[in-house]
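To start, the structure itself, in structure tokens.
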Amino acid sequence: MPGFFGLCVANHILTHIAEYPMEYSMGKNRTKLYEDIQARLAGQESRLRGNTVGLRLALTEADIGYVVEEVFKGKSVVSDYPTRLVLTRWLPLPFCQKEEGFWGEDDHRLTIDDVVLMTKDEAKKHEQEVLIGRQSPEVVWGKEVVEKVKRRHEEEAFYAKYR
């Protein structure tokens, strides 16, 4: 324990001397963060579906915690920033006109493979340019980010067998 404590103190001192902005977090089990991410994701899904009232996500808080901490390692897929994080749909909803004129709960249900972790500002840009503007993620974020997302989703698919 003394060695671990010394490492933590050294890290704090070095980041302070370098004037590096450091936000301390509890790490895993950040339930308040997961609740906020879930609410923001539900809001985004509602906006993308034409302000669907009462939309519920299939992703639970536990799923969101898994995606944030394990799939994306607690960092934005675009900038690697660990703060101000949100999940956002990666690809736009397909064009679909329902006969009843509204989206149902089961239409294009979100799964772990449909979302990525970004900062709030990146997610806002992503929503405007990719999800609403229908630009390719590669055009907006570049080939490196698209490959990184693909690798993360492939890795999750491999480990999903054991979940």
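The values are calculated or read from the model by the stated rules, or taken from the named source; none is laboratory data. Note that the structure is predicted; figures quoted are calculated from it, not measured. Counting neighbours? That spans all protein chains shown, and the Cβs are built from the backbone with ideal geometry, glycine included. These area figures cover heavy atoms from the full protein model, side chains too; ligands, DNA and RNA do not enter into them. Shrake-Rupley method; radii C 1.70, N 1.55, O 1.52, S 1.80 Å.
Just a few scattered comments:
- Were the residues from V9 through D121 laid out at 0.36 nm apart, the gain over their Cα-Cα distance would be 37.2 nm.
- At full extension, M22 and E147 could sit 42.2 nm farther apart than now, given 0.36 nm per residue minus the alpha carbon distance.
- Net charge of the neighbourhood of A123, taken over other residues with C-beta under 10 Å away and scored Lys/Arg +1, Asp/Glu -1, is +3.
- With every protein chain in place and a 1.4 angstrom probe, the accessible-area ranking of D121, D113, largest first, reads D121, D113.
- Pairs beyond 22 Å (Cα-Cα), from K32/K120; K32/K143; K124/K148; K75/K161; K32/K161; K73/K120: K32/K143; K75/K161; K32/K161
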